[in-house]
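Worksheet: one structure, shown below.
The values are calculated or read from the model by the stated rules, or taken from the named source; none is laboratory data. These figures come from a predicted structure and were not determined experimentally. Note that each Cβ is placed from the backbone with ideal geometry, even for glycine, and that neighbours are counted across all protein chains shown. SASA here: full protein model, heavy atoms, side chains in, ligands and nucleic acids out. Shrake-Rupley method; radii C 1.70, N 1.55, O 1.52, S 1.80 Å.
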Amino acid sequence: MLIHSITFFVKLCLILNFVQFYALCEAATAIRAALLIQRWYRQYVARLEMRRRCTWNIFQSIEYAGEQDQNKLCNFFGFLMDHLTPASSEGKLISHIFRESNICHDMEWELYFCYKSIKVSDGYTGPRLTFPMTYCGVSKLVEAFKQRQQLHARYVLQLLGETWRLLRILPNINHVTACHMKELTICGDLHGQLEDLLLIFYKNGLPSPEKPYVFNGDFVDRGKNSLEILLILFGFLLVYPNNVHLNRGNHEDHIVNLRYGFTKEVLGKYRVHGKKILKLLQKIFSWLPLATVVDHKVLIVHGGISESTDLNIIARLDRHKYVSTLRPPKQSIHAASRSLNMADCDGLTQSRRRVCSLTNRSQAPPRRLDIPRRSLQNYQSYGDMKTSDYDSSPDPGDSRTDDLEWKQIVDVLWSDPMPQNGCIPNEVRGGGCYWGPDVTEDVLRRHNLQLLIRSHECKQDGYEFCHNRRVLTIFSASNYYDVGSNRGAYIRMGPNLNPHLVQYQASRACRHLTLRQSVSWTERSALQALRQQLFIHKSDLSSAFQEFDPNRTGLISARDWASATESVLKLGLPWRVLRPQLLSSTHHGMVEYQNWIRELSLTEPHQEISDTSILEIMYKNHSSIETIFRIIDTDHSGLISLEEFRQTWKLLSSHLKMEISDKSVADLAQSIDFNKDGVIDINEFMEAFRLVGVSAHK
């Protein structure tokens with residue numbers, strides 16, 4: 001019996017050991033499986049993050065390339081104004097760009113923008129404003145815009161006129177206080193996206209004495225409701241001038257507006273009185289304050305700073321003299337003509353990645369004509385046109401002071417931070433500078449500040465800290481590039497001056513997307529935009545590829561493909577990473593570039609033009625041509641004559657340093673003058689050359 005008991009006990013021990021061993025094996029297997037799943041998931045998220053960053057780089061590079069093209073075009077016009085006589089045909093076409101209205105006195109401005117003669121019909125169903133503005137009136141305006149109603153032109157001009165009178169008495173730098181009872185809200189770029197502003201008001205509350213706001217510039221352009229945003233903000237500013245503060249952004253500039261949509265938006269909504277509205281807004285933009293300081297410790301500017309930023313200078317300058325920051329102050333015409341001639345205009349369309357910035361004017365440019373990668377940015381130290389003042393006549397001899405003030409404004413409106421120490425020209429945007437953490441520390445120390453809040457750059461999370469958390473970027477336009485591309489954010493700041501960040505997305509569609517769906521959605525849009533850029537440069541790409549293929553085999557390595565593509569587009573993108581999305585196949589690791597270029601031709605224009613060189617010029621310079629057209633269309637009628645059309649192409653060919661035959665231009669003009677009335681509709685012209693899918697065209 002004892003033997004049986006011992007045997008049973010031994011068997012039981014063996015079974016228990018086996019069970020324990022099996023359990024241990026199961027646990028080890030489970031742990032191993034969990035680690036494998038965790039590793040896979042981390043790799044999956046890392047790949048998605050890499051795709052997201054590549055997508056972001058595509059969007060941002062194309063955006064900054066457009067800004068640089070606009071700066072180059074503006075400097076080209078500035079050069080022409082400096083060196084063409086006003087009586088010349090080109091001079092007459094563009095002379096109004098930088099020159100102010102002939103109306104100089106406040107009383108005359110009052111008469112010019114008088115709203116009293118504009119009748120409001122009985123059939124008008126929109127909001128009817130009363131002045132002085134009240135909280136109830138602005139609330140009704142907000143509700144009306146929610147319902148997509150349009151404010152009558154009489155009330156628009158009246159509201160803008162009242163805003164102009166108020167802005168003229170405000171300082172260049174607003175000083176505000178944050179306390180327990182009045183937590184300050186700071187918003188970044190809105191760019192005409194009304195739904196973002198309405199969502200902020202819904203989540204955070206409307207402006208009031210208990211809910212003060214700072215809006216940090218770039219209210220307009222790109223979006224469809226820039227004017228509505230301005231009218232709402234100006235309305236609250238009139239009601240609560242001590243609790244609503246508006247900083248100027250780089251897009252509060254009438255020349256920038258010509259390219260990025262605000263001019264077109266206003267003229268589309270107010271065909272009769274749009275010109276007056278734009279003129280008054282041009283005046284208002286020049287009077288917007290340049291900065292806000294919170295409790296003497298937090299500086300809020302739209303763009304940033306440079307090593308020469310001095311708040312004391314900014315506080316004293318006459319900000320309304322600088323109606324457009326794209327144009328430096330006027331200097332001696334004699335000095336300009338002595339230092340520069342038309343032959344120095346070479347290189348207007350060279351490398352966009354190497355172009356000098358607006359404020360990089362420390363030394364005169366070389367005189368050689370064969371130096372690559374130069375633009376008229378180099379010649380701004382010899383500028384000839386100083387922006388005049390509507391209300392005063394500054395001393396024309398004080399050009400050095402004007403130049404210093406202008407640089408201060410450009411830096412605070414256009415600059416971006418960089419991780420490296422130092423301060424260098426912002427060669428990507430073509431304006432302002434890149435400044436490093438050492439510059440941040442120096443400027444904050446000199447002015448006894450502890451934090452710099454700026455906007456100007458779209459961020460995927462709506463905000464981003466840098467420079468040891470001494471610089472905070474805030475961006476309030478969600479889905480800026482496409483649905484799901486980024487969140488918007490705003491800041492709440494109490495008496496401790498610690499920023500509390502609130503994120504959101506205005507589009508309901510993207511709130512239910514998974515991370516993979518969101519990345520895929522925006523990636524498709526970015527790649528589509530990039531393919532269009534590749535398509536419009538296909539001739540240049542073909543030439544660049546052939547340099548790597550001296551034997552004309554039609555094959556180049558993936559590395560050479562990436563190098564050639566970057567040399568043409570100059571977007572600074574990781575082309576080798578993007579290759580799988582852009583190339584359908586390779587031949588033993590080699591790229592059949594001729595077939596690939598043919599595959600890019602997935603789009604066609606509406607218009608059939610025999611001269612393919614003009615088509616390619618149109619594709620490459622679509623935005624610049626539309627900007628030139630809107631500049632030439634001085635009466636904002638949407639129509640230009642055939643002669644003005646010819647002059648437009650003459651200006652464009654000068655800008656691009658290339659020859660376009662008169663016959664080609666004449667044929668183009670005749671082909672798009674559909675009703676043969678001798679004038680060209682600008683909108684129809686731009687639509688005629690819009691790229692569309694081949695299937696849709698057929």
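Where in region 581-691 are the strands (runs of 3 or more DSSP E), entirely inside, with at least 2 residues that are at pLDDT below 70?
Working: elements: 590-592, 603-605, 639-641, 679-681.
Passing ranges, in order: 603-605.
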Odd one out for A477 among (1) within 25 Å of K203 (Cβ to Cβ); (2) touching a strand residue (DSSP E or B) at 6+ places or on another chain (Cβ under 7 Å); (3) open to solvent by 60 Å² or more (accessible area, probe 1.4 Å): (3)
Selection within region 202-239 - part of a helix (DSSP H, G or I), open to solvent by less than 10 Å² (accessible area, probe 1.4 Å) and among the hydrophobic types (A, V, I, L, M, F, W, C): L227, I229, L230, L231, I232, L233, F234, F236, L237
Index of the failed condition, N448 passing every other in (1) in contact (Cβ under 8 Å) with a residue 24 or more places away in the chain; (2) touching a Leu at 6+ places or on another chain (Cβ under 7 Å): (2)
Selection from region 170-183 of residues that are modelled with pLDDT under 95 and assigned to a loop (DSSP other than H, G, I, E, B): T177, A178, H180, M181, E183
Residue among W575, W596 that alone is farther than 24 Å from Y463 by Cβ, within 24 Å of the chain's Cα centre (by Cα), buried (at least 16 other Cβ atoms within 10 Å of the Cβ) and among the aromatic types (F, W, Y): W575
Test: residue in region 494-517 that is in a helix (DSSP H, G or I), of a type in the set (A, V, I, L, M), over 30 Å from V293 (Cα atoms) and modelled with pLDDT under 90: yes
Flag if A489 is in a loop (DSSP other than H, G, I, E, B), in contact (Cβ under 8 Å) with a residue 40 or more places away in the chain and open to solvent by less than 10 Å² (accessible area, probe 1.4 Å): no
Any hit, region 534-541, residues being small (G, A, S) and part of a strand (DSSP E or B): no
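Being in contact (Cβ under 8 Å) with a residue 24 or more places away in the chain, open to solvent by 10 Å² or more (accessible area, probe 1.4 Å) and of a type outside the set (A, V, I, L, M, F, W, C) is the requirement here; does K283 meet it?
In short, no.
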Of all residues in region 442-462 being outside any loop (DSSP other than H, G, I, E, B) and more than 27 Å from the chain's Cα centre (by Cα), the one that is surrounded by the fewest Cβ atoms within 10 Å (Cβ to Cβ): R445
One residue from I118, I186 being farther than 17 Å from F234 by Cβ, in contact with a Lys or Arg (Cβ under 9 Å, 6 or more places away or on another chain) and not in a loop (DSSP other than H, G, I, E, B): I186
